[in-house]
Amino acid sequence: MTISPQVEPQTDYKGRIGNLIRDARKHRGLTQTQLAERLGTSQSAINRIEKGHQNLSLEMLARIGAALDSEIVALGAGPTHLRVKGPTTLSGTIDIKTSKNAGVALLCASLLNRGRTTLRKVARIEEVNRLLEVLGSLGVQTRWINDENDLEIVPPKELDLTRIDEEAARRTRSVLMFLGPLLHRADTFELPYAGGCNLGTRTVEPHMSALRPFGLEVKATDGWYHGQVNRAIVPGRPIVLTERGDTVTENALMAAALHPGTTVIRNASSNYMVQDLCFYLQALGVDVEGVGTTTLTVTGKTVIDVDVDYAPSEDPIEAMSLLAAAIVTKSEITIRRAPIEFLEIELAMLEEMGFRYERSEEYLAANGHTRLVDLRTLPSDLIAPRDKIHPMPFPGLNIDNLPFFAVIAAVAEGQTYIHDWVYDNRAIYLTDLNKLGGRVSLLDPHRVMIEGPTSWTGAELMCPPALRPAVVVLLAMLASKGTSVLRGTYVIHRGYEDLAERLSSLGADIETFRDI
Ligand SMILES: CC(=O)N[C@H]1[C@@H](OP(=O)(O)OP(=O)(O)OC[C@H]2O[C@@H](n3ccc(=O)[nH]c3=O)[C@H](O)[C@@H]2O)O[C@H](CO)[C@@H](O)[C@@H]1O
Ligand SMILES: C=C(OP(=O)(O)O)C(=O)O
């Protein structure tokens, strides 16, 4: 794989730019009229631009990019894009990296510890980079200590909460997980509103109600959360989470870890990142019972000050992504270090669809708890499942794995119904597969029907502004005949380390390039 700063061949560039603008507008859920209003122009002008019938100045392109919060084209060190030539058959062996979601939780949790935290093999992804920038702005010293991606974190005696890196903080949702640790560090503090993928409205209310028993009141105004802590208030009875959310459970756990009494958290998520956080807290000397269940009992400490070494487990979502890559390209690959206990429902569903694979004996991840296997995929002819595919909190099918079933369903014979009840926007992005020849019908914002099999054909697309759908499109490009271009891939780097390079090492033909 190479990175080249070249310009792409410029055939019908107005038409291509028009298509990219139309993609970006649709990703933002805007009509042509709404975009025209933002730009002070007419709907017919937007229509002409999208059809490639309009000359565009660089200034106008920049204005359109700003109105759509999407860099259509950029000069200098702008966004990266991918050029994919297909169809590809993959072969070889790939190791799963540690998870984004445990990584970000552990970075936030390191604020509980006055000693040094060393995290082993942290995924070197943009989401982690943004949190490292935020931690750095608070005075926390962080450094990658070797080529293995081991990361050392040393917090200062006092955090400097006045200089938080607002820009970095606003690009991730994970910053919300500072609430739990910070309420023990300061009586008042401010955090910028959390960002992240554009998946529609994501509530923060469950976080507030989980942390209120620890005396935290949060007012949200002008793009900031203003936190105030009343130390006379401590949990008097079990905390019952209104949603079984992952990060809300993590916030409650982190708040409980520095509360010297015993806190019971009910309706807790038992998902993989929550388990990794529990094991880390145990390594810090916090008593956590019920790991892997929906009732967690935490006996915290007044001060945590230990030098601790922790190795988070492998990412089930990356494992699912690579399973999908193999299935869509009908390839035989070996996926090593797959966290099987967080993939069991997914594999059972795939088996029902006719997927054939071999799995090794189980062995333990470096955290000493999570069960891993090596999976060898076998080229398989798939059929659509009889019932709809839908996610559930763990141990159900993981919501972040659901989008991969769209591209898998597209290669299966028959009609598959996918029901994403969780996110307002994510199912909508799956219709981007239609630009590559897919037949995905949006039944309503939460349900799609996919007809397969698909004869994929290469095309040029803007990355949907959401991590998993963006990877789903990339995987379909691997199977597509001809050349595809995927523009603006930051969103993929948010959650995957070197995905394009690693797919290339399996034989994919992917080139990374920038605009000049
Ligand atoms: C950093 C991190 O770990 N991110 C994960 C975490 O985000 P996070 O924990 O932030 O997820 P949210 O709290 O946003 O929950 C996702 C959506 O599910 C809804 N909801 C959730 C639980 C529930 O019992 N009922 C319910 O309705 C929420 O209202 C929200 O709309 O969990 C999500 C759901 O597994 C994953 O997609 C994210 O990758
Ligand atoms: C939705 C996701 O993550 P986040 O919570 O970081 O937006 C994801 O990992 O797919």
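Carbon-plus-sulfur fraction of the accessible area of the chain, 1.4 Å probe, in percent?
Details: 9910 of 20540 Å².
In the chain, the share of accessible area belonging to carbon and sulfur is 48 percent.
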(request) Give me the percent of DSSP beta bridges within the chain that run antiparallel, rounded to the nearest 5. (result) 75 percent
(message) Quick check on the chain: what does the Kirkwood estimate of hydrodynamic radius come out to from the alpha carbon pairs, in Å?
(response) 23.9 Å
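Nothing charged except the Cβ atoms of Lys and Arg (+1) and of Asp and Glu (-1): what's the magnitude of the dipole of the stretch 286-392 about its Cα centre? Round to the nearest 20 debye.
On the way: 10 positive and 20 negative charges, 83 e Å.
Computed charge dipole of the stretch 286-392: roughly 400 debye.
Using the Kirkwood radius built from alpha carbon pairs, what does the Stokes-Einstein equation give as D for the stretch 100-310 at 4 °C and 1.567 mPa s, in µm² per second?
Details: Rh = 16.9 Å.
For the chosen part, D equals 77 µm²/s.
Residues of the chain: accessible area per residue at 1.4 Å, in Å²? Before the final figure, lay out the partial values.
Details: 20540 Å² over 516 residues.
Spelled out: the 1.4 Å probe surface of the chain, per residue, equals 40 Å².
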(message) Per residue of the stretch 255-260, what does 6.51 cos²θ - 1.76 cosθ + 1.60 with θ = phi - 60° give for ³J(HN,Hα)? Whole Hz please, x for Gly and Pro, Karplus curve as stated.
(response) 5, 5, 5, 9, 9, x
(request) Could you go through the stretch 265-281 in sequence order and give the Karplus-derived ³J(HN,Hα) for each residue, using 6.51 cos²θ - 1.76 cosθ + 1.60 with θ = phi - 60°, rounded to whole Hz, and x for Gly and Pro? (result) 10, 9, 6, 6, 6, 10, 5, 4, 6, 5, 4, 4, 5, 4, 5, 5, 4
(request) Report the label-to-label distance for D12 and R163 in nanometres (one decimal), using points 7 Å from each Cα along the Cα→Cβ vector. (result) 5.3 nm
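Do the sum for the chain: with -39,500 (n - 2.57) for every DSSP H run of n ≥ 4, divided by all residues, what is the mean residue ellipticity at 222 nm, to the nearest 500 deg cm²/dmol?
-9000 deg cm²/dmol
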(message) Using the alpha carbons of the stretch 271-333, what is the convex hull volume per residue in cubic angstrom, as a whole number?
(response) 93 Å³
(request) Could you list, in their original order, any pairs among K26/K121; K97/K481; K14/K330; K388/K481; K97/K330; K121/K481 whose Cα atoms are separated by more than 26 Å? (result) K26/K121; K97/K481; K14/K330; K388/K481; K121/K481
(message) Please list 3J(HN,Hα) in residue order for the stretch 36-44, calculated via the Karplus relation 6.51 cos²θ - 1.76 cosθ + 1.60 where θ = phi - 60°; whole Hz, with x for glycine and proline.
(response) 4, 4, 4, 9, x, 10, 9, 4, 5
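The values are calculated or read from the model by the stated rules, or taken from the named source; none is laboratory data. Just so we're clear, the structure is a prediction, and the values are computed from it rather than from any experiment. Backbone-built Cβ (ideal geometry, glycine too); neighbour counts: all protein chains shown. The protein model used for the area step is the full one, side chains on, heavy atoms only, and it has no ligands, DNA or RNA in it. Shrake-Rupley method; radii C 1.70, N 1.55, O 1.52, S 1.80 Å.
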